[in-house]
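**Q** Okay, here's the structure, questions in a sec.
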Amino acid sequence: MQVSLLKLGCWNAVKKYCVGVYGRMDWSPENSGGAGVVTEASGRRYPTMVIPRDRLQSVLLREIANHYNKQITVSFETECTSASFKSGAALLKSSRPEVPDVDAQFVVAADGIRSRLVQEASRVSDGRLGVTTLPENEKRSVVYKTINLELQPGWRGDLNYSARSGESLEGAVTLEALPCLDGGLVAVILFSPGDARLTTDLNTADDTRALFQSLFPQFTPLIPEAEYAKFAAKSPSGLPRFTYASPDLHLAGDQGATVCVGDAIHTVKPYFGLGVNSAFEDIITLHHSLDHGAQGGDSLQHFALGAEEYSKRRGKEAKALVEMSRQFDGDFLEFVLPLILDGIFSKIAPSIFAPNAIRMLQNEQYLFTQVQGRKRQDRALQISILVSISVALVALGKHTIDFLTATNASILP
Ligand SMILES: Cc1cc2nc3c(=O)[nH]c(=O)nc-3n(C[C@H](O)[C@H](O)[C@H](O)COP(=O)(O)OP(=O)(O)OC[C@H]3O[C@@H](n4cnc5c(N)ncnc54)[C@H](O)[C@@H]3O)c2cc1C
């Protein structure tokens, strides 16, 4: 996000409202309630910076008002109720009579998950702009609720606090808390939708207090009294499904173009902070693609060429991002084992094997497709090494047994 916002010229404005996070404090089920283990962040090119989503939106809106008020008009509380396309130009219907419909030659669709514009564009794209939703790992299905915490003396304001209650990943209750600029923390509690302790059995402030006392006792001194009732009253929210658009991310014709960005073309679960970051990368790629398209004659051709270039550069990235994120939501074989293998092999031979995919994704120098390609290559080499070692061990074992059998035979009277 930092690199993208720097390129977009608004990092300094956003930075003022961010809190730096320089490490983690973890509690595992084995030591829940005991002393957490602090791991300081190391080897990062940029520190992790945290900003609430609504605060980020407000800062960006203010940047628009300060620098682009002549070019950009924002209509609040207005829904696009339908979109139709003719030769690339779009007609967007407004939900409010006082806000006119938009008849546009160039549209950037950034309407988030279940994007209406992507759905409508997909219908008339002859299969070029298809929407794929990957199957969910039902065992890891989670919903979440948030709770505000207040830092107390002795608690650092620059750590990501993380605790898990429950032995297995399935059915566990997880708390992830990040600091805010006002000195508090926002904690997200993730749990299985069928967990009665956080759904049917949780109705009052006292129920919440008892729940935190049993699951996360170390956090109870940080919970303000009023938060218990608020938490009980909240309904759980779901996380988005793994969805991407492909192969095109645009619709174009001789009358204009519509291009799609952000969650509208790639939605992932927010475990690794890739949502907003990848949306900003889309915007930067779009900017470069339109510059590329500008070499193509009049403005309508310019839009169409820019949109095509954008799909070419970004379409495979959207797919790779969602496929990799889906693997992170997998079971032991899909998620944990690759991390273990990468940890071992990249330590033994760092010049041959790259760090794990999560670490690679945090390095903005790599494209998502490059990380995916590199990890496939590493995995193939790791598997062939492990298979070779296993074959050698089996052969050695067989040779030893043959040798012992022969030796025994020759010494038997
Ligand atoms: C719990 C949670 C935690 C997250 N944490 C992180 C994180 O730590 N880091 C990170 O990078 N990402 C995170 N994300 C993901 C991140 O919020 C999204 O990836 C990001 O907001 C996508 O931006 P967007 O502009 O594409 O879509 P959105 O932010 O969803 O914006 C879409 C906008 O379009 C509007 N809209 C939708 N339909 C219409 C319509 N028909 N007419 C008019 N307007 C419409 C919506 O009201 C909304 O304002 C998190 C998501 C969740 C749910």
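**Q** Mind checking which pairs have a first residue in segment 337-355 that is among the basic types (Lys, Arg) and a second that is surrounded by 13 or more Cβ atoms within 10 Å (Cβ to Cβ) and modelled with pLDDT of 95 or more, Cβ under 9 Å, 6 or more apart or different chains?
**A** So the pair list comes out as 347/353.
**Q** Taking the condition touching a residue at least 60 places away in the same chain (Cβ under 8 Å), within 21 Å of the chain's Cα centre (by Cα) and not assigned by TED's automatic domain parsing to the domain that holds residue 258, does residue 143 pass?
**A** yes
**Q** Kindly list the number of the only condition in (1) part of a loop (DSSP other than H, G, I, E, B); (2) touching a residue at least 12 places away in the same chain (Cβ under 8 Å); (3) surrounded by fewer than 18 Cβ atoms within 10 Å (Cβ to Cβ); (4) among the charged types (D, E, K, R) that fails for residue 126.
**A** Evaluating residue 126 over (1) part of a loop (DSSP other than H, G, I, E, B); (2) touching a residue at least 12 places away in the same chain (Cβ under 8 Å); (3) surrounded by fewer than 18 Cβ atoms within 10 Å (Cβ to Cβ); (4) among the charged types (D, E, K, R) leaves (2) as the failure.
**Q** May I pose another question? Sort out which residues of segment 157-210 are among the charged types (D, E, K, R), closer than 16 Å to residue 271 by Cβ and not in a loop (DSSP other than H, G, I, E, B), and write them in order of number.
**A** Of everything in segment 157-210, those that are among the charged types (D, E, K, R), closer than 16 Å to residue 271 by Cβ and not in a loop (DSSP other than H, G, I, E, B) turn out to be 164, 176.
**Q** Being more than 14 Å from the ligand (Cβ to nearest atom), surrounded by fewer than 12 Cβ atoms within 10 Å (Cβ to Cβ) and among the acidic types (Asp, Glu), is that true of even one residue in segment 71-78?
**A** no
**Q** Hey, another quick one. Is it the case that some residue within segment 102-110 is more than 16 Å from the ligand (Cβ to nearest atom) and part of a loop (DSSP other than H, G, I, E, B)?
**A** Checking segment 102-110: at least one residue is more than 16 Å from the ligand (Cβ to nearest atom) and part of a loop (DSSP other than H, G, I, E, B).
**Q** Examine segment 83-92 for a residue that is over 17 Å from residue 252 (Cα atoms) and either free of Cβ contacts under 8 Å to residues at least 24 places away in the same chain or within 15 Å of the ligand (Cβ to nearest atom) (or both), and state whether such a residue exists.
**A** no
**Q** Quick check on my filter: what residues within segment 46-57 are surrounded by 12 or more Cβ atoms within 10 Å (Cβ to Cβ) and out of contact with any Pro (no Cβ under 9 Å at 6 or more places or on another chain)?
**A** Those that are surrounded by 12 or more Cβ atoms within 10 Å (Cβ to Cβ) and out of contact with any Pro (no Cβ under 9 Å at 6 or more places or on another chain): 46, 47, 48, 49, 51, 52, 55, 56.
**Q** Does residue 320 meet the test of being buried (at least 19 other Cβ atoms within 10 Å of the Cβ), of a type in the set (A, V, I, L, M, F, W, C), away from the ligand (no atom under 14 Å from the Cβ) and outside any helix (DSSP H, G or I)?
**A** In short, no.
**Q** Could you give me the residue pairs with C-beta distances under 7 Å whose first residue belongs to segment 248-276 and is farther than 30 Å from residue 298 by Cα, whose second residue is part of a helix (DSSP H, G or I) and among the charged types (D, E, K, R) wherever it lies, and which are 6+ apart or on separate chains?
**A** Partner pairs satisfying both residue conditions: 275/263.
**Q** Still on this structure, please answer the following. Look through segment 270-281, keep the residues that are within 8 Å of the ligand (Cβ to nearest atom) and not hydrophobic (A, V, I, L, M, F, W, C), and return whichever of them is surrounded by the most Cβ atoms within 10 Å (Cβ to Cβ).
**A** 278
**Q** Could you list, in sequence order, the residues of segment 332-385 that are farther than 30 Å from residue 285 by Cβ and of a type in the set (S, T, N, Q)? Walk me through it before giving the result.
**A** Pass one, segment 332-385, residues farther than 30 Å from residue 285 by Cβ: 332-333, 336-337, 340-341, 343-345, 347-352, 381-385.
Across segment 332-385, the qualifying residues are 351, 382, 384.
**Q** In contact with a Lys or Arg (Cβ under 9 Å, 6 or more places away or on another chain) and either among the β-branched types (Val, Ile, Thr) or in a loop (DSSP other than H, G, I, E, B) (or both): which single residue out of 81, 73 fits that description?
**A** 81
**Q** Here are some residues: 96, 116, 140. Which one is surrounded by fewer than 16 Cβ atoms within 10 Å (Cβ to Cβ), farther than 26 Å from residue 34 by Cα, within 16 Å of the ligand (Cβ to nearest atom) and of a type outside the set (Val, Ile, Thr)?
**A** 96
**Q** Right, next: Given the options 219, 242, name the one that is touching a Leu at 6+ places or on another chain (Cβ under 8 Å), modelled with pLDDT of 95 or more and within 30 Å of residue 123 (Cα to Cα).
**A** The conditions single out 242.
**Q** While we're here: Does residue 197 satisfy being under 17 Å from residue 26 (Cα atoms) and basic (Lys, Arg)?
**A** So residue 197 does not fit the description; no.
**Q** Restricting to segment 259-273, name every residue that is over 15 Å from residue 5 (Cβ atoms) and out of contact with any Asp or Glu (no Cβ under 7 Å at 6 or more places or on another chain).
**A** Scanning segment 259-273 gives 259, 260, 263, 265, 266, 267, 268, 270, 271, 272.
**Q** Please count how many residues of segment 236-275 are farther than 25 Å from residue 104 by Cβ and part of a helix (DSSP H, G or I).
**A** 4
The values are calculated or read from the model by the stated rules, or taken from the named source; none is laboratory data. This structure is a prediction, so every number in the text was calculated from the model and none was measured. Because the Cβ atoms are built from the backbone with ideal geometry, glycine has one as well, and the counts that use them run over all protein chains shown.
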